Amino acid sequence: MANKNINNDELIANIVKGIEAVKGENITIIDLREIDNTPCDYFIIADGNSNTQVNAISGSVQKLVSKELRDKPWHVEGEDNAEWILMDYVNVVVHVFQKHIREFYNIESLWGDAKITTIDSQY
């Protein structure tokens, strides 16, 4: 179960690092703290080019967060078909999509009032 004493900034930095380690693309951080009745404080969204890469991104994030912060997600969904994997770290929820699935659901548009940060990957 997720450790609630972990700093959100550390968790987010390690999640982003895990995504970048396997060349996840279009990393977006949505800050939901100023919006009422949200399911968490942050969404982190990224995409991969195939179900293999989506699974690799999920695995990389989980491995890195476990190693660096000794934390694991409270819940993970979607690993079977790897079109959209959700990792719930309680205050931070990570969504890893295949590109076409991300475009279809466009969940960023649901949170128009939130502060959205795009990460420029350096690879």
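The values are calculated or read from the model by the stated rules, or taken from the named source; none is laboratory data. Nothing here was measured: the structure is a model prediction, and the numbers come from that model. In this analysis, Cβ positions are derived from the backbone assuming ideal geometry, glycine residues included, and neighbour counts consider all displayed protein chains. SASA here: full protein model, heavy atoms, side chains in, ligands and nucleic acids out. Shrake-Rupley method; radii C 1.70, N 1.55, O 1.52, S 1.80 Å.
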### Query
Being of a type in the set (S, T, N, Q) and in contact with a helix residue (DSSP H, G or I) (Cβ under 6 Å, 6 or more places away or on another chain), is that true of even one residue in region 84-93?
yes
### Task
Name the residue, out of Asp88, Asp80, that is over 15 Å from Asn14 (Cα atoms) and not polar (S, T, N, Q).
Asp80
### Message
within 24 Å of Ile6 (Cβ to Cβ), modelled with pLDDT of 95 or more and surrounded by 15 or more Cβ atoms within 10 Å (Cβ to Cβ): which single residue out of Gly78, Gly48 fits that description?
### Response
Gly78
### Flag if Val96 is surrounded by fewer than 21 Cβ atoms within 10 Å (Cβ to Cβ), part of a strand (DSSP E or B) and at pLDDT 95 or above
no
### Query
Checking Lys23 against (1) over 22 Å from Asp120 (Cβ atoms); (2) in contact with a helix residue (DSSP H, G or I) (Cβ under 8 Å, 6 or more places away or on another chain), which test does it fail?
(1)
### Message
Any residue in region 86-99 that is in contact (Cβ under 8 Å) with a residue 60 or more places away in the chain sitting within a Cβ distance under 8 Å of a residue that is in a strand (DSSP E or B) and hydroxyl-bearing (Ser, Thr, Tyr)? List the pairs, counting only those 6 or more apart or interchain.
### Response
Asn91/Tyr42; Val92/Tyr42
### Query
Of all residues in region 52-75, how many are of a type in the set (D, E, K, R), more than 14 Å from the chain's Cα centre (by Cα) and open to solvent by 30 Å² or more (accessible area, probe 1.4 Å)?
3
### Query
In region 13-37, how many residues are in contact (Cβ under 8 Å) with a residue 40 or more places away in the chain and either farther than 18 Å from Phe97 by Cβ or touching a Ser or Thr at 6+ places or on another chain (Cβ under 6 Å) (or both)?
11
### Message
Just to be sure before I move on: is Ser66 among the polar types (S, T, N, Q) and free of Cβ contacts under 8 Å to residues at least 24 places away in the same chain in the structure I sent?
### Response
yes
